[in-house]
Amino acid sequence: MSQKTIMLWPESAAGPTNNCIGIGHVLVQRGHRVVFAVESSWKGQLEPLGFEEQLVDLAEPPEGPVDAGQFWKDFIRETAPEFRRPTIEQLETVTAPIWQELIDGARYSQDRLAGIIDEVRPDVVVEDNVVCFPALMTAGAPFVRIVSCNPLEIRDPLLPPVFSGLPADDPSEWDDFRAAYDQTHRTMWGEFNEWVLEQGAPPLPELEFIHTSEHTNLYLYPQAADYQRSQALGPTWHRLASSVRATDEAFEVPASVADGDGSLIYLSLGSLGSADVGLMNRLIDVLSRTPHRFIVSKGPRHDEFELADNMWGAETVPQTNVLPHVDLVITHGGNNTVTESLHMGKPMVVLPLFWDQYDNAQRIDEVGAGVRLDTYGFEDGELTAAIDGLLADTALRRRLDMNGRRIRAIGGTAVAADRIEAAAQ
């Protein structure tokens, strides 16, 4: 194929950005020009990987430099007390405010994104986000949507409502959750839809904040954990079993935890969840009293807590190259960590905090790939029992290993690159 110009626009968070990095890396290797439109705090992080950078502000720029994705880290830290509430109560205090911030960012960045498109003249535009940016819909180029959240984002009347964390086999609470979502989101959605129309983009689907592409839609979830739908998705939809980047730095298990009793376990609550220092300290305390060894992704507040003697950690770790070494993962349920753990065949203990993490936690539990726990309400013995039970389940570990081999054989980043190339033609 002749060289194409491909513009990627990920949400300003580690998960979507890393997903796009993995796909973009394959496209660069195939000789394409890959341009990342990224929120300005990511400045300088994409160019070393072979991409062009076009910086976008989603709000009035702060004075001085900030860490990548700092806005969302601050937002989550301030909102963290709300994570202790049931998901139906979080709709008003967590979910709707997140949507509003995303909408405000779309409004603020409209002119800048339109200017980038005029300058770059992409053959295809690719968005990995949950909210519509109208400039992408009116770019005059095919639009590819990536769903790197739990696939309940793609709605189905016979599946639980997204963000609920409700079980797939018990619909008794679904209607109440949907009614609460309507009540807390209807006005905001209507105002946003009017603005989207004013920018020349098509109307949004009912009570949804982003369009389905008429060209290509990609969603990130392996078949073994995916949902059974009442109606098959249309021909524009394609499942990526996984999307694991090959750009992380190499990793060797540090000597302090390389050998010893017990198993080697990876603890990561993501760049946002690890900002809850109280939660991190509680986990460190409980896990310090187990016979196991731990690799810990400490996150942005890494200097505010200390690890125990059976642990090694750093502010960030090359997750995709850490996972092959460990026996089990303790995670917040972010979609990238969940799908990467399944890609590597690892069982999980999932401690969800917000957004689709509850859906991932519930799904991992109900398909038998791990255990969902109450993030703030678990008893010490529940966590240690979940860990030891999963590690002792040899049949489960063998099944996950086989599923991981199948997922890796698919090559999700290459499949995504194929679909994007096809759209570009």
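Answer yes or no as to whether ARG372 is modelled with pLDDT of 95 or more, under 20 Å from the mean Cα position of the chain (by Cα), more than 18 Å from SER243 (Cα to Cα) and of a type in the set (D, E, K, R).
Taking the combined requirement at face value, the residue satisfies it.
Only residues that are over 19 Å from LEU8 (Cα atoms) and either touching a residue at least 60 places away in the same chain (Cβ under 8 Å) or in the same structural domain as LEU400 (by TED's automatic domain parsing) (or both): list them for the range 229-247, please.
If the condition is that a residue be over 19 Å from LEU8 (Cα atoms) and either touching a residue at least 60 places away in the same chain (Cβ under 8 Å) or in the same structural domain as LEU400 (by TED's automatic domain parsing) (or both), then ARG229, SER230, GLN231, LEU233, ALA241 are the ones that fit.
Name the one entry in ARG405, ARG363 that is outside the structural domain of ASN150 (by TED's automatic domain parsing) and either surrounded by fewer than 24 Cβ atoms within 10 Å (Cβ to Cβ) or under 30 Å from ARG30 (Cβ atoms) (or both).
ARG405
Determine if the range 278-285 includes at least one residue that is in a loop (DSSP other than H, G, I, E, B) and at pLDDT below 95.
No: zero hits.
From the list GLY200, GLY165, GLY262, which one is farther than 30 Å from GLY105 by Cα and of a type in the set (Gly, Ala, Ser)?
Being farther than 30 Å from GLY105 by Cα and of a type in the set (Gly, Ala, Ser) holds for just one of GLY200, GLY165, GLY262, which is GLY262.
Please indicate, with yes or no, whether at least one residue in the range 106-128 is in a helix (DSSP H, G or I) and under 20 Å from the mean Cα position of the chain (by Cα).
Scanning the range 106-128, I find at least one residue that is in a helix (DSSP H, G or I) and under 20 Å from the mean Cα position of the chain (by Cα), so the answer is yes.
With part of a loop (DSSP other than H, G, I, E, B) and in contact with a strand residue (DSSP E or B) (Cβ under 9 Å, 6 or more places away or on another chain) as the only criterion, which of GLY368, GLY389, GLY333 stands out?
GLY333
Can you tell me which condition GLY260 does not meet? The list is (1) part of a loop (DSSP other than H, G, I, E, B); (2) surrounded by fewer than 22 Cβ atoms within 10 Å (Cβ to Cβ); (3) not assigned by TED's automatic domain parsing to the domain that holds VAL329; (4) not β-branched (Val, Ile, Thr), and all the others hold.
(3)
Take the range 177-200 and flag every residue that is in contact (Cβ under 8 Å) with a residue 12 or more places away in the chain and within 26 Å of the chain's Cα centre (by Cα).
Correct list: PHE177, ARG178, ALA180, TYR181, ASP182, THR184, HIS185, ARG186, MET188, TRP189, PHE192, VAL196.
Go through the residues of the range 236-244 one by one and say whether even a single one is of a type in the set (S, T, N, Q), closer than 27 Å to LEU390 by Cα and not in a loop (DSSP other than H, G, I, E, B).
No: zero hits.
Starting from residues that are in contact with an Asp or Glu (Cβ under 9 Å, 6 or more places away or on another chain) and assigned to a helix (DSSP H, G or I), keep the ones in the range 371-384 and report whichever is farthest from LEU279 (Cα to Cα).
Only one residue tops the list, namely GLU382.
Being in contact with a strand residue (DSSP E or B) (Cβ under 8 Å, 6 or more places away or on another chain), of a type in the set (D, E, K, R) and surrounded by fewer than 21 Cβ atoms within 10 Å (Cβ to Cβ) is the filter here; which residues of the range 128-183 pass it?
GLU153
Give the residues of the range 292-311 that are buried (at least 17 other Cβ atoms within 10 Å of the Cβ) and not in a loop (DSSP other than H, G, I, E, B), sorted by residue number.
ARG293, PHE294, ILE295, VAL296, SER297, HIS302, MET311
Taking the condition of being in contact with a Ser or Thr (Cβ under 7 Å, 6 or more places away or on another chain) and not hydroxyl-bearing (Ser, Thr, Tyr), how many residues in the range 215-232 meet it?
Within the range 215-232, residues that are in contact with a Ser or Thr (Cβ under 7 Å, 6 or more places away or on another chain) and not hydroxyl-bearing (Ser, Thr, Tyr) number 4.
Here is a check on your reading of the model: is PRO81 at pLDDT below 95 and in a helix (DSSP H, G or I)?
Spelling it out, PRO81 is indeed at pLDDT below 95 and in a helix (DSSP H, G or I).
Residues in the range 129-157 that are among the basic types (Lys, Arg) and not in a loop (DSSP other than H, G, I, E, B): how many?
Going through the range 129-157 one residue at a time, the tally reaches 1.
The values are calculated or read from the model by the stated rules, or taken from the named source; none is laboratory data. Because the structure is predicted, anything quoted here is derived from the model rather than measured. So basically every Cβ, Gly included, is an ideal-geometry build from the backbone, and we count neighbours across all protein chains shown.
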